[in-house]
Amino acid sequence: MGNMFLFVLIVAIVSALVLIPFYREDPASERKSKNNAKGNRRLMPGVMITVIVLLIPSVFAYYYITNYDRNPSSLWVFAIIITALGALLSTGMERKVKALLFLVSLVFGTYFLTAFLFNADEKFEIAQMEQEVEIKSFDEKETPASVPPEFARNKMRKAFGQVPNTSYYELGNLQIQKVKGDYVYIAPVEFSGFFKWMKGKETPGYFTLSATDSSANPKFVKSEMIYTPSSYFNKSIERHIRMQYPKHIFYGDVQLEIDDEGKPYYIRSYGEFISARNGFDVKGVVVVDSKNGDTKSYTLSEVPEFIDGAVSPEIVSLQNSYFGNYIHGFWNSLFGKSDVKLPSDEGTEANVSPIFDQNGVMYYFTDFTSPKEGVDSMLGYSLTNSRTGEATYYTGNPDESYMDSQGALQIIEKKFIEKKWHGEMPVIYNFYGEASWLTPVLDSNGFLQNYFIVSAANPEISVFGVTPNEALKQYKTSLQRGGGSVDGSSKADEKQISGTVLRVYKEKSGDFTVVSFLLDNKKSYILSSEKEPLIIYLKEGDKVNVTYLDTDEDFLPAKEIVIEGLE
């Protein structure tokens with residue numbers, strides 16, 4: 001707080017010196033001006049002190065309420081106004097000096113206002129991404145974090161009775177995180193208003209809910225928090241952070257992070273302007289103990305292990321915009337639009353969707369589409385590491401045209417048009433070597449109904465199931481009969497096995513037959529007659545040689561089969 005008062009005092013004194021004339025004509029000297037051109041001037045200390053006293057609370061209130069950074073560059077609008085008034089109120093040489101100050105402040109103001117016209121190349125440079133063709137295949141033994149946020153919030157609201165003094169509080173912002181190896185949603189309990197904060201003083205804790213198991217129930221964790229987004233005055237978490245770091249440039253909302261012991265912390269990303277208070281480049285994160293207010297700043301390379309979202313989703317969304325729009329500068333983003341690609345707005349957090357890779361590292365997913373209206377083809381997609389900010393752009397198979405996230409959502413809407421269900425949180429995965437959209441489907445009340453998978457390259461191949469694993473099983477079969485890519489491009493190893501058929505199950509699917517069979521090694525396999533027409537003749541007791549993918553699933557996807565006697 002001391003730094004705040006010192007900053008405000010300096011601003012008030014300098015402003016008063018510029019605003020108030022040092023000397024003013026005495027009426028008696030005006031009558032003698034013909035004989036004495038210089039006149040008789042006298043210092044006006046009383047007016048100066050009065051202006052300083054009036055400016056101090058005004059400047060303090062502005063910075064305290066807005067939480068604006070207290071860098072000299074933040075005063076550029078104020079400087080233009082003060083120097084303009086100072087020039088108007090002064091006379092003689094003093095007016096010329098203050099007029100010059102006004103012109104200087106005007107030049108700086110113009111520079112700040114027009115910086116976005118000239119720093120597009122710098123924005124593109126800081127948003128540069130590594131480029132690859134296709135994302136690695138999804139491990140079929142894993143379950144994607146696929147519980148949609150809207151559904152998670154609904155379940156937490158219904159469990160709000162676990163919170164003591166429920167009427168004082170409401171559910172805060174939802175965020176996904178890895179805690180002790182599990183992927184969970186976290187939402188703090190927040191004050192529901194000023195008077196509730198006056199009475200309560202601290203919030204009682206937060207909710208957690210599995211992000212992979214839609215049948216799981218929310219759990220309320222007691223952990224008192226004093227510095228929160230819904231607290232007021234110096235207990236407001238944003239104001240508390242600003243008081244500790246008055247010159248830091250922040251971007252994005254504060255986020256709740258839980259360490260492996262369940263202790264809650266609030267974090268906020270900071271960085272620097274690209275030029276002239278325009279653009280943003282992330283540099284680190286500020287971490288606050290939500291109970292005692294202890295605050296520490298870390299660079300991105302020093303971020304504690306328990307923090308997953310050191311780079312806020314708002315920053316990633318901003319940098320995606322830089323990468324997609326400014327490849328050939330600012331003016332091209334408006335007119336020619338050569339090579340411009342627009343990031344989608346279908347993400348769950350600031351237009352991006354947080355997902356985890358097989359190593360438990362969180363990334364923000366975004367797909368890019370053409371700026372041309374009516375086009376739903378995807379130009380590529382990006383994954384941005386949420387701890388380091390490093391990003392990779394995937395162009396997709398150049399021989400195929402991929403559907404974007406909006407196209408996937410439209411297919412779901414048409415599929416369930418009578419029920420009025422809708423998709424949320426579409427994310428592209430590499431399932432069995434096929435680029436595929438996985439999207440949770442919710443009803444009009446926000447409750448999860450099923451999971452929908454559709455091929456990005458072949459939209460006619462689509463399935464849905466009650467769970468992600470059930471949908472994956474159906475999708476594997478659908479790919480086999482639909483000419484998809486269930487082949488060696490999957491992450492699983494390709495193997496061969498010889499054995500005797502113990503059981504056979506055949507199921508008609510369109511023009512083809514899907515055959516499931518059990519060998520004497522006690523493992524089951526599945527194959528469509530579209531791939532191997534002779535499999536319709538398979539019977540118990542046949543000796544076979546099978547080429548399959550070792551995905552560790554209950555029914556292993558077979559690629560080829562040779563039936564003894566039918567070669």
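The values are calculated or read from the model by the stated rules, or taken from the named source; none is laboratory data. No experiment lies behind these values; they were computed from the predicted model shown. Using ideal geometry, Cβ is built from the backbone for each residue, glycine included, and neighbour counts are taken over all protein chains shown. We work out accessible area using only protein heavy atoms, side chains counted, and drop any ligands, DNA or RNA first. Shrake-Rupley method; radii C 1.70, N 1.55, O 1.52, S 1.80 Å.
Can you tally the net charge around Thr203? Count Lys and Arg as +1, Asp and Glu as -1, for every other residue whose Cβ sits under 11 Å from the Cβ of Thr203.
On the way: positive: Lys196, Lys201, Lys222, Lys235, Lys291; negative: Glu170, Glu190, Glu202, Glu224.
Neighbour charge sum, excluding Thr203 itself: +1.
Report the antiparallel proportion of the DSSP beta bridges in the chain as a percent, rounded to a multiple of 5. All intermediate terms of the calculation are to be shown ahead of the outcome.
On the way: 105 of 112 bridges.
Approximately 95 percent, going by the DSSP bridge assignments.
With the contact rule set at Cα under 8 Å and sequence spacing of 6 or more, what percent relative contact order holds for the chain?
Details: 1149 pairs, mean separation 55.6, N = 567.
Relative contact order comes out at 10 percent.
How many percent of all Cα-Cα pairs in the chain sit more than 46 Å apart?
On the way: 52809 of 160461 pairs.
Cα-Cα pairs in the chain separated by more than 46 Å: 33 percent.
For the range 182-334, what proportion of DSSP beta bridges, expressed in % and rounded to the nearest 5, is antiparallel?
Numbers: 30 of 31 bridges.
For the range 182-334, the DSSP antiparallel bridge percentage is about 95.
Out of residues 5 or more away from Phe431 or on other chains, whose amide H comes under 5 Å of its own, with H placed 1.01 Å from N in the peptide plane?
Phe138, Ser436
Amide H neighbours of Leu556 under 5 Å, counting only residues 5+ apart in sequence or on other chains, H built in-plane at 1.01 Å?
Ser524, Tyr525, Ile526
Carbon-plus-sulfur fraction of the accessible area of the chain, 1.4 Å probe, in percent? List each step's numbers first, then the result.
Numbers: 14640 of 27450 Å².
The C+S portion of the solvent-accessible surface of the chain is 53 percent.
Calculate, for the chain, the solvent-accessible area per residue in square angstrom, rolling a 1.4 angstrom probe over the heavy atoms of the protein chains. Don't skip to the end; give the middle numbers.
Numbers: 27450 Å² over 567 residues.
In whole numbers, the chain has 48 Å² accessible per residue.
Which of the aspartates and glutamates could a cross-linker span from Lys495 if the Cα-Cα distance has to be under 18 Å and same-chain partners fewer than 8 positions apart are dropped?
The qualifying aspartates and glutamates are Asp139, Glu140, Asp487, Asp520, Glu532, Asp550, Asp552, Glu553, Asp554, Glu560.
With a/c under 1.5 counting as rounded, go ahead and sort the range 168-326 into rounded, prolate or oblate using the C-alpha gyration tensor (a ≥ b ≥ c being the square roots of the eigenvalues; past the cut-off, prolate if a/b is larger than b/c, else oblate).
Values: a/c = 1.85, a/b = 1.28, b/c = 1.45.
Oblate, since a/c reaches 1.5 and b/c is not below a/b.
Distance cut-off 19 Å, Cα to Cα: go down the list Lys247/Lys283; Lys531/Lys559; Lys508/Lys543 and report the pairs above it. Walk me through the numbers on the way to the answer.
Working: Lys247/Lys283 14 Å; Lys531/Lys559 8 Å; Lys508/Lys543 23 Å.
Long pairs (Cα-Cα over 19 Å): Lys508/Lys543.
If one takes the longest principal axis of the Cα atoms in the chain, at what angle in degrees, from 0 to 90 and to the nearest 10, does the Cα axis of helix 313-325 lie?
90 degrees
Pop out the ³J(HN,Hα) list for the range 187-204 in order, Karplus 6.51 cos²θ - 1.76 cosθ + 1.60 with θ = phi - 60°, rounded to Hz; leave Gly and Pro as x.
Result, rounded to whole Hz: 9, x, 8, 10, 5, 9, x, 4, 5, 5, 5, 4, 7, x, 6, 9, 8, x.
Over 5 Å intervals from 0, what percent of Cα-Cα pairs in the range 307-346 sits in each interval?
Binned Cα distances yield the sequence 6, 25, 24, 18, 13, 8, 4, 2, 0.
Do the alpha carbons of any pairs in Lys219/Lys523; Lys196/Lys419; Lys158/Lys180; Lys196/Lys296 sit beyond 31 Å of each other, and which pairs?
Values: Lys219/Lys523 38 Å; Lys196/Lys419 41 Å; Lys158/Lys180 25 Å; Lys196/Lys296 29 Å.
Flagged as over cut-off: Lys219/Lys523; Lys196/Lys419.
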